[in-house]
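Taken together, the values in this text are just the output of simple stated rules run on the coordinates, not laboratory data. Please read these numbers as outputs of a predicted model, since none were measured by experiment. Virtual Cβ from ideal backbone geometry, glycine too; neighbours counted across all protein chains shown.
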Amino acid sequence: MKNYLLINKLLLKSREYIFIILIATILLLISFSKSFSEENIFTVDNVEVEGKIDLNFSRDKFINKAFSKSFEELMAKIVLSRDLEKIKNIRLDKIKNLINSFQILEERYQTEKYKAVFKISYNDKKVQDFLNKKNISFSHPKEISAVFFPVLFLNGDLQYFENNYFYNNWTSVKIQNEVINFILPLEELDNISKIKEMRNRIEDLDVGSFVKQYNIRNYIFALMNYDNNKLNVHIKTNFNDNKISKNISYDLRDISDKNKLNFILKDLKMQVTDIWKEANIVNLLMPLSIRVKFKQKNLHDLNKLINYFYKISIIDNFELEEFNINHSFFKIHYFGNPKRLSNELSKFNYKLRDDPGYWEIYKDD
């Protein structure tokens, strides 16, 4: 009986090893490739067009209008604002050449009025080639939340939030494809006192202490000083622990001119968004590669990690180069740098560690 149980156990163990070897052989023969389109970066959803139904009505005219509108929305999302001028007035036939498919989500023919909602998918490789030929940087910014802290001095006097036009109107003035969820803070006397005290030493101001109560590390601190018909703005940002400072100046004759203030507010939003976009610039011409070790307890762990690789947009493709019962070695081709790859992996509770001689991915329990 003991011999029978022993033989049965050995058979089961042998089957397990044979299964693992077969899986490993299959995986080693596969090069895993992926594209940005899997993340829907190049899909523009809910594109609305409408117009009159008259004797010259043409459904194709509205479809073309949706194509042009979707292209503008896509470019506003993935291109820095300073480069948008380079892609103005692109011909419709060139836009159509970049499109993979489109879908009409909703269509209404009402009395003398036509309305439709489209979903338009672009070919990622064609869009990338289009941008490269025009020497335009491609950015892949994900949506992020950040505390926006606007401080306004008028002729030397600090304005409380209730009298601060930028605080009161920041969320109402929109830009195309906003990727930052701006959170406005509450006004606190301690913070006001610190700002007054540190006004001339703003680089030394610990903005992080102002926003920690909101459980968000990302922030935009804008110190605005209006004097002698000029609005000077000093911006301090922290996006995913990447801190950037920037100075901007605007001519402003009348501080009560709402049209001009809205223009400045909108431009400030675009400038801040560009800082986040620049942190997510993808060098499509030069992907990096890294060889990493992963210790798995079972095949489920390995499969789980591979599925996460597919969800990380900066990973272009990867290969399983070596596999045994205890660990695997991957070669990963990605856009960016090791720190950015590490940040992306951390979103799925994995850490990237630089051990002597090799990199290692491990579960952050």
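Brief remarks on what is shown
- For residue 343, the shell of other residues with beta-carbons less than 12 Å away shows a net charge of +3, using +1 for Lys and Arg and -1 for Asp and Glu.
- Spacing of the two label points (7 Å from each Cα toward its C-beta) at residue 85 and residue 176, in nm: 1.6
- Taking other residues whose beta carbon is less than 14 angstrom from the beta carbon of residue 62, and scoring Lys, Arg as +1 and Asp, Glu as -1, yields +2.
- If R0 is taken as 41 Å, the Cβ-Cβ distance between residue 111 and residue 215 corresponds to a FRET efficiency of 0.20.
- Calculated FRET value between residue 283 and residue 135, using beta carbons and R₀ = 22 Å, to 0.05: 0.95
- Neighbours of residue 82 by Cβ distance under 14 Å: Lys/Arg scored +1, Asp/Glu scored -1, total 0.
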